[in-house]
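> Sending over a structure as structure tokens; questions will come in a sec.
The values are calculated or read from the model by the stated rules, or taken from the named source; none is laboratory data. Treat the numbers as computed from the prediction; the structure is a model and nothing was measured. All Cβ positions, even for glycine, are placed from backbone atoms using ideal geometry, and neighbour counts span all protein chains on display. Remember, those area values only see protein heavy atoms, side chains included, never the ligands or the DNA or RNA. Shrake-Rupley method; radii C 1.70, N 1.55, O 1.52, S 1.80 Å.
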Amino acid sequence: MDQLASIYNAVLDGNAAGAQAGVKAALAANMAAGVILKNGLIAAMTEVGRLFEENEYFVPEMLVSARAMQSGLALLKPYLAEAGAEPAGKVIMGTVKGDLHDIGKNLVRMMLEGSGFEVIDLGTDVSPQAFVKAVQENQAQVVGMSALLTTTMPSMSATIKALEEAGVRDQVKVMIGGAPVTDAFAKQIGADGFSPDASAAVRMTKSLIGL
Ligand code: B1M
């Protein structure tokens, strides 16, 4: 129990070394990896998301917390695989073609991982064909696209069209985000959801797959 509290507090404080120490101590105490994930790391990131939405945490705090969570999760991953813990779902994510901005996309990825999702991160400058290939090769429920440039927003629409043309559009929900992206734009291009920030992206992903 003490170990879980120290993991929780370390993630809230953005203390990566503390999160790792807490995970190591919990594993040494024979705590199940799934319990450490759910009641330590995920619980802390849920609280980080709440604090962000209440304007008590801002992007820098959320980033350091997400990094602390990631460093704890890295230690836990082999144990989770061993225990056969099922991820909450699988998300394919990338910054669209022509766009190299990835800070916001990485934050969304880390928040999703902190909520128990497996994320296949395709990186930046991802072509519509690369998104299609990833959907064909992985059993993912959601495709997430990020764009920071008004000039690359049309790549989102092109990717949705490419998914349709490849006959895989119905297999996945499409979520989009990024500073210039709006809910109206999402509706216009036929995306299933839009999220203004990383915390909302977790809620949107859950709602898109009915969690
Ligand atoms: Co660039 N840049 N940049 N840039 N850059 C902007 C976006 C810009 C607004 C700056 C400005 O002019 N005021 C402007 C775009 C103007 C426009 O299109 N209207 C701009 C420009 C013009 C450019 C270049 C063209 C500059 C040039 O070379 N002449 C060039 C383009 C390169 C390219 O992509 N091909 C360029 C380059 C760069 C750097 C490489 C130097 C660097 C990127 C480094 C990197 O990402 N690794 C950079 C940066 C850092 C910025 C600013 C300063 C910051 C962006 C950022 O990281 N924000 C930005 C100005 C600004 O925003 N103040 C700017 C923090 C991040 C946490 O927020 O990404 O919005 P954000 O993500 C949020 C939400 O949007 C949401 O959640 C995140 C977390 O809450 N979200 C999602 C994001 N993706 C989501 C996906 C989802 C859901 C939610 O679902 C899938």
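> So how far apart, in nm, are the two label points at Gln129 and Glu61 if each is 7 Å from Cα heading toward Cβ?
4.6
> While we're here: Using a basic spin-label model with each label point 7 Å from the Cα along Cα→Cβ, how many nm lie between Ile120 and Thr150?
The answer from the label model is 3.4 nm.
> Relative contact order for the range 35-138: what percent, with Cα pairs under 8 Å and sequence separation of 6 or more?
Taking the mean separation of contacting Cα pairs over the length of the range 35-138, I get 29 percent.
> Ok, one more. Using only the Cα atoms of the range 75-211, what do you get for the radius of gyration and for Dmax, in Å?
So, for the range 75-211, Rg and Dmax equal 14.1, 45 Å respectively.
> Please check: in the Gaussian network model of the chain (C-alpha springs, under 10 Å), which one of Gly114, Gly177, Gly34 has the largest mean-square fluctuation.
Gly34
> Post the alpha-carbon centroid distance, the range 193-207 to the range 36-111, in whole angstrom.
Measuring centre to centre over Cα atoms gives 13 Å.
> Compute the accessible area per residue over the range 90-208, keeping the other protein chains in place, probe 1.4 Å, unit Å².
So the range 90-208 comes to 42 Å² accessible per residue, rounded to a whole number.
> Go through Lys24/Lys90; Lys97/Lys133; Lys90/Lys173 and tell me which ones have a Cα-Cα distance over 22 Å in this structure.
In this structure, Lys24/Lys90 exceed 22 Å between Cα atoms.
> Next up: Taking the Cα centre of the range 90-208 as origin and charging only Cβ (+1 Lys, Arg; -1 Asp, Glu), how large is the dipole, in debye to the nearest 20?
160
> Provide the per-residue ³J(HN,Hα) series for the range 108-117, in order, calculated from phi with Karplus coefficients 6.51, -1.76, 1.60 and θ = phi - 60°, each as a whole number of Hz, with x at glycine and proline positions.
Values per residue, Gly and Pro as x: 4, 4, 5, 5, 5, 4, x, 9, x, 8 Hz.
> In whole percent, and with a 1.4 Å probe on the protein chains, what portion of the accessible area of the range 27-92 is carbon and sulfur?
In the range 27-92, the share of accessible area belonging to carbon and sulfur is 56 percent.
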